[in-house]
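Q: Below you'll find the structure I mean.
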């Protein structure tokens, strides 16, 4: 449960992973799930079995390391703290597409680091992850303006995920991006949804440089 995505309930997490919603009661009755089930759950959380094992074993090692001589009352060494996430600069860049489209476009500057923010455990294995401030309200009420969201380039992307879509065009040193929900994906186009105003629209695949998963808001 330590790896559970903040935005999902346990049942929703199981559904997203493609496993039975009874997985939690099954674990309480029978113990650990199968390796395949565990890998599916971790994959849906943007994590991996290796990361899970590192977090699971770390505290045990810490406790054994602290059990020195009889008079040794020093606390054991815990697992190494996670490196922070870089918060990159972001600002509104008008509208994507034709004038009056109402599709909010954002500009981010990966080379401009504003500060560092705490890294969630689910992103421990993604060295390329970063954070962005939502500067518009197109994804309200899912993400409020001013909230900070995590972006994970290494996490698998599925239909229904919140995503940051990097567009092929943009000024030097900056990237034009669409922060939306992924609806559909094909070889020719990417269909996205924004919530405020409620719009579903398609982007030509040739205009898409990359689609990165947004695991959720940073608390």
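Q: Criterion first (surrounded by 15 or more Cβ atoms within 10 Å (Cβ to Cβ) and within 26 Å of residue 100 (Cβ to Cβ)) does residue 130 satisfy it?
A: Answer is no for this residue.
Q: Check every one of the helices (runs of 4 or more DSSP H) wholly within the range 1-71 and list those with 3 or more residues that are modelled with pLDDT under 70 and closer than 20 Å to residue 216 by Cβ.
A: Helices (runs of 4 or more DSSP H) meeting the threshold: 49-65.
Q: In addition: Can you tell me which residue is nearest to residue 110 (Cα to Cα) among those in the range 191-203 that are loosely packed, with under 15 Cβ neighbours inside 10 Å and in contact with a strand residue (DSSP E or B) (Cβ under 6 Å, 6 or more places away or on another chain)?
A: 202
Q: Only one of these is assigned to a loop (DSSP other than H, G, I, E, B), within 28 Å of residue 197 (Cβ to Cβ), modelled with pLDDT of 90 or more and out of contact with any helix residue (DSSP H, G or I) (no Cβ under 9 Å at 6 or more places or on another chain): 137, 128. Name it.
A: Checking each option against the conditions leaves just 137.
Q: Identify the single condition in (1) at positive phi; (2) part of a strand (DSSP E or B) that residue 151 does not satisfy, given that it satisfies every other one.
A: Of the numbered conditions (1) at positive phi; (2) part of a strand (DSSP E or B), the odd one out for residue 151 is (1).
The values are calculated or read from the model by the stated rules, or taken from the named source; none is laboratory data. These numbers were taken from a predicted model, which means no experiment stands behind them. Here Cβ is always computed from backbone atoms with ideal geometry, including for glycine, and neighbour counts include all displayed protein chains.
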